[in-house]
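Since the structure comes first, as structure tokens, the remarks are kept for the end.
Each value in this text was obtained by applying a stated rule to the coordinates, not by laboratory testing. Please read these numbers as outputs of a predicted model, since none were measured by experiment. Cβ atoms come from the backbone with ideal geometry, glycine included; neighbour counts cover every protein chain shown.
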Amino acid sequence: MGKTFKEKLKEEGKNFKDFALKGDAITLAVGVIIGMAFKELVDSLVNNIFTPPIGFLTAKLDFSQLYITLGKTRYETLADAKAANAVVLQYGLVLNAIITFIITAIILYIIVRTISKAVAKEKKEEAKKTKQCPYCMSEINIKAKKCPFCTSIVK
């Protein structure tokens, strides 16, 4: 006969527990958390370091106030248009988003490039400390006289 609802629920609970506590799920969760923290860092750099000088150079032009109203009526300010429930296209917000995206992309490029150079430098330094066994092709210490993997004598 089939399983009862309680047995099915208990089995599904066990399956979920197995899934949630697998190393892959935990690694993914840690990656998401680190990604969120990294996003906060980049946002802070963009908003507090790079955007203010751009605002200063553009004579403090506030793109968020740029808009077009659909219809024949024209309004002095965005607030007036919104108060009148006019249909408003705030293209200035799109410009802000594009500028923020470009700045963020440049910052991410610089960060990733710097990290990649550091990793490459570290790998290069590590390569100087190892050599390859000519018999089993394993990486061994540069000073090794005998391969710890295949026990061959190496020069």
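In table form, for the structure just shown:
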item: Segment 38-75, residues that are of a type in the set (Gly, Ala, Ser) and out of contact with any helix residue (DSSP H, G or I) (no Cβ under 8 Å at 6 or more places or on another chain); result: Ser44, Gly55, Ala59, Gly71
item: Candidates Ala105, Ala97, Ala83, filtered to the one that is out of contact with any Phe, Trp or Tyr (no Cβ under 7 Å at 6 or more places or on another chain) and over 24 Å from Ile49 (Cα atoms); result: Ala83
item: Count of residues meeting criterion [loosely packed, with under 10 Cβ neighbours inside 10 Å and either touching a residue at least 40 places away in the same chain (Cβ under 8 Å) or assigned to a helix (DSSP H, G or I) (or both)] in segment 2-13; result: 2
